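A short write-up of the structure that comes next.
The values are calculated or read from the model by the stated rules, or taken from the named source; none is laboratory data. Keep in mind that this is a model prediction, so the values were computed, not measured. Glycine gets a Cβ as well: all are built from the backbone with ideal geometry, and neighbour counts include every protein chain shown. Each accessible area value is taken on the protein alone, full model and side chains, heavy atoms only, with ligands, DNA and RNA left out. Shrake-Rupley method; radii C 1.70, N 1.55, O 1.52, S 1.80 Å.
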Amino acid sequence: MKTVRIDLELRQDHSGINMSYNFIGHYIGVDFERLVSSWEEIQALVSLELYIKILTIHELGHAMDRQDLLESLERTIEIFQTKKRYLVSEIHKNRELLAMLIDEHEMNIAFEQTAWINAEMLNEKFSLIDHSSFVLVKKHSLESYQKLYLEDLKLYETLLESLNEKTA
C-alpha cells in the first residue's frame, strides 16, 4: 500500500471473505482464516506472501473505484433488505426475486472486473508482482463469482422454463 501510495486501514474480521474493501468505511477487512483457506486452494502455484500482495492490490483496485461503489449503495441496500425478508428457498421459487439475485451477481462481477483492471494498472505502474502469478490469482478469484452467478442463472432459467410450460 505504501508503494502505490494508497494508505488504507486494515481491520481483522471474521466475515468469511478472505479480504474485502469496505467502501463505506474506506478500509480493507481481512479474515485471516478464510485468507489461508482460499490460498490453500492454489498454494502450490503462489506463495502466501505473494497471494496476499495480489489480493491487496486487488482491494486497492476497489478503492480506486470507490465513487462508483458509493453510487451503487442504494441498490445494494435494497437487495440486502429484500434478501433478509425471504428464505433462500423462497427466493429460488420467485422469478422477480431470482432476477434480483442475478442483477446482484452481475453488479458484483462488474465491480470485481473493474477492481482487477485497476489492480493490473497499479501492478504495471509499480512492477509489484509477476504477470503470470497475478493472472492466476485473478482467474481463481473471478471464477468464484462466476460459479455462484452461473448456479443462480441456471435456477432462473429453469424457473422461467417451468413458468412458460404452465402458461403454454
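Taken over the range 84-112, residues that are among the polar types (S, T, N, Q) and closer than 13 Å to residue 57 by Cα amount to 0. Cβ-Cβ contacts under 9 Å between residues 6 or more apart (or on different chains), taken from a first residue in the range 32-54 that is under 20 Å from residue 119 (Cα atoms) to a second residue that is outside any helix (DSSP H, G or I) and small (Gly, Ala, Ser), are listed as 39/47.
Which one of these is in contact with an Asp or Glu (Cβ under 7 Å, 6 or more places away or on another chain), in a helix (DSSP H, G or I) and under 15 Å from residue 61 (Cα atoms): 118, 123?
On the way: 123 fails: in contact with an Asp or Glu (Cβ under 7 Å, 6 or more places away or on another chain).
Among 118, 123, only 118 is in contact with an Asp or Glu (Cβ under 7 Å, 6 or more places away or on another chain), in a helix (DSSP H, G or I) and under 15 Å from residue 61 (Cα atoms).
Filtered by the rule that a residue be more than 19 Å from the chain's Cα centre (by Cα) and in a loop (DSSP other than H, G, I, E, B), the range 1-16 gives 1, 2, 3, 4, 5, 6, 7. Taking the criterion of being more than 26 Å from residue 101 (Cβ to Cβ), in contact (Cβ under 8 Å) with a residue 60 or more places away in the chain and surrounded by 17 or more Cβ atoms within 10 Å (Cβ to Cβ), the residues of the range 113-132 that qualify are 119, 122, 123, 128, 129.
Just checking, which of 138, 93 is within 19 Å of the chain's Cα centre (by Cα), open to solvent by 40 Å² or more (accessible area, probe 1.4 Å) and in contact (Cβ under 8 Å) with a residue 60 or more places away in the chain? Even if it seems obvious, please write down each step before you answer.
Values: 93 fails: within 19 Å of the chain's Cα centre (by Cα).
The unique qualifying residue is 138.
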